[in-house]
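**Q** Below is one structure. I have some questions about it.
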Amino acid sequence: MNKDIHILFGLRIKELRVRAHISQEELSFRSELSKNYISDVERGTRNISLKAISKLADGLKVEVKELFNFSK
């Protein structure tokens, strides 16, 4: 089954966040995005911008391409 790109992206963000042992609140602080925004992204309900993707990568201390390392 083909999953929606927003859901796959959100699951990848959550995977990297959990692997880094940080909360949504901490990622929010590190990436300068609201906790509600992080939650929406992880649930796949937010159409995220390139600028926000870059901020998430910085907050997770990974390259942007790592955020897209998921299988469809």
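**Q** Pairs, please: C-beta under 7 Å, at least 6 apart or cross-chain, first residue at positive phi and in region 43-72, second exposed (fewer than 13 other Cβ atoms within 10 Å of the Cβ)?
**A** G44/D4
**Q** Turning to a different aspect of this structure: Counting only residues that are surrounded by fewer than 16 Cβ atoms within 10 Å (Cβ to Cβ), of a type in the set (K, R) and part of a helix (DSSP H, G or I), how many does region 45-72 have?
**A** Matching residues across region 45-72 total 2.
**Q** Condition first: outside any helix (DSSP H, G or I) and either buried (at least 18 other Cβ atoms within 10 Å of the Cβ) or modelled with pLDDT under 95 (or both). Now tell me which residues in region 16-44 satisfy that.
**A** First pass over region 16-44, keeping only residues outside any helix (DSSP H, G or I): 20-23, 32-34, 44.
Those that are outside any helix (DSSP H, G or I) and either buried (at least 18 other Cβ atoms within 10 Å of the Cβ) or modelled with pLDDT under 95 (or both): L33, G44.
The values are calculated or read from the model by the stated rules, or taken from the named source; none is laboratory data. Here the structure is a predicted model, which is why all the values come from computation and not from measurement. In this analysis, Cβ positions are derived from the backbone assuming ideal geometry, glycine residues included, and neighbour counts consider all displayed protein chains.
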